[in-house]
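For reference, the structure is listed below as structure tokens.
The values are calculated or read from the model by the stated rules, or taken from the named source; none is laboratory data. Not measured: the values here are computed from a predicted model. No Cβ is skipped: glycine too gets one built from the backbone with ideal geometry, and neighbour counts run over all protein chains shown. Ligands, DNA and RNA are stripped out before the accessible areas are found, and what is left, the full protein with its side chains, is counted by its heavy atoms. Shrake-Rupley method; radii C 1.70, N 1.55, O 1.52, S 1.80 Å.
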Amino acid sequence: MAEDGALSAICLLRSWIALRVLRAAPVESLFSVLNAELHMSVASERADARDAGFMRRALTLAKKGWGQTAPNPMVGAVVVKENVVVGEGYHVRYGEPHAEIEALRAAGERARGATVYVSLEPCAHFGKTPPCVDALIAAGVARVVAATRDPSPPASGGAERLRAAGINVAFDVEAAAARELNAPFFHAVVSDRPWVSVKLALSIDGAIADASRGIHSHRGHDRDVHRRDHAGARLQRHQPGGA
């Protein structure tokens, strides 16, 4: 009971203080403050929506490298200046330039002062190619938005390098989609077990089809072949005499 009384007293005191402030402040000032806060909130929501839209484009580009980049992840990048896309790129094949490099090449001088959206934190190490952070710094970009951090110890640390060079860095834009796209890559960093995908061709009654009845459409077959392209190895049970 004593605690309830104390809380009530505190609430009354806060209400009294608020009332005094409201009475002391001109109505025009209060409306100005509220209006400014509203505009800031709307502007922030619009900026978040723009970031998400450009990042989704980067993820779409990343998928073009499906089956060609392993053991590297699939990565896409978009260079944006004054809300206009001035360069795009993706990691085409293992050993070839990374997405950021391709996008910067496409943007040219327009990359200076621009924002780069990339589906994975830019690398900070020498591998098959030089560090992407060096190219971003040299290009004079103002901001880098990465969907998620690179979990690989040798390649991580790019954000810190960029910030040290005065470049604004943001994370966690479409992060879930980025991690799902490269699920095998993220899994390999934290586990020594392989990433396994299982596909079962079943009839509508839950049985495995025999050689006499096909249950695989041409469209399904095309999707299956596309998925296989991203696998490092494939184990298939083939029935003699089957299709």
Please specify each residue of the stretch 66-76 satisfying the condition of being over 14 Å from THR129 (Cβ atoms) and at pLDDT 95 or above. MET74, GLY76
With the condition kept exactly as written, say whether any residue in the stretch 84-96 is in a loop (DSSP other than H, G, I, E, B), open to solvent by less than 10 Å² (accessible area, probe 1.4 Å), touching a Lys or Arg at 6+ places or on another chain (Cβ under 8 Å) and among the hydroxyl-bearing types (Ser, Thr, Tyr). no
Residue that is modelled with the lowest pLDDT [pool: residues in the stretch 142-154 that are open to solvent by 10 Å² or more (accessible area, probe 1.4 Å) and out of contact with any Leu (no Cβ under 7 Å at 6 or more places or on another chain)]: PRO154
Could you please tell me which pairs satisfy a Cβ distance under 6 Å, a separation of 6+ or placement on different chains, a first residue in the stretch 96-110 that is under 11 Å from LEU136 (Cα atoms), and a second residue that is among the acidic types (Asp, Glu)? ALA103/GLU88
For the stretch 102-208, list the strands (runs of 3 or more DSSP E) that sit wholly inside it and hold at least 3 residues that are aliphatic (A, V, I, L, M); which are they? 143-146
Tell me which residues, restricted to the stretch 105-130, are touching a Pro at 6+ places or on another chain (Cβ under 9 Å) and open to solvent by 20 Å² or more (accessible area, probe 1.4 Å). ARG105, ALA124, HIS125, GLY127, THR129
Against the conditions (1) within 28 Å of ARG56 (Cβ to Cβ); (2) open to solvent by less than 100 Å² (accessible area, probe 1.4 Å); (3) at pLDDT 75 or above, where does HIS226 fall short? Just the number, please. (3)
